[in-house]
Amino acid sequence: MHELGHRAAQIGDTVVVVSRAEENQADCLAGRQTRFASDADRLDLGDAFNGALLFFSLGDTRGGWFDQEAASEPDAHGTPRQRAQSFAYGYLRGVDTCYRLGESPTGSVLF
């Protein structure tokens, strides 16, 4: 779902400036897709929760310190918290929130 989020951003011409914001946007769009599947009774809430845990487990912890990589690093995907929070925003808030995340010049997920 994360990779489909990237594709949706390309098709919708909402690709962003910094890597971390782009990745958080894709995580958020994955959360939105998960909500859609859940609402259609194709995915239960436990599986959706496991998706958020997966994104948390995939967060960047370079050298054991969060936020150590620059937001513009080509492989910056965000900290565990940022990734899980982005997914949750998509699940709970919707696609407009995802596009706002993508506009962040620092890759922040705070509003």
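Here, each number is a calculation from the coordinates, and none is a lab measurement. Computed from a predicted model, the values in this text were never measured in an experiment. All Cβ positions, glycine included, derive from the backbone under ideal geometry; neighbour counts span all protein chains shown.
Okay, here's what the table says:
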item: Gain on full stretching of the segment that runs from S57 to D13 - 0.36 nm per residue minus C-alpha separation; result: 12.9 nm
item: Difference of contour (0.36 nm per residue) and Cα-Cα distance, S108 to D75; result: 10.3 nm
item: Label point distance in nm, L45-R100, each placed 7 Å from Cα along Cα→Cβ; result: 2.5
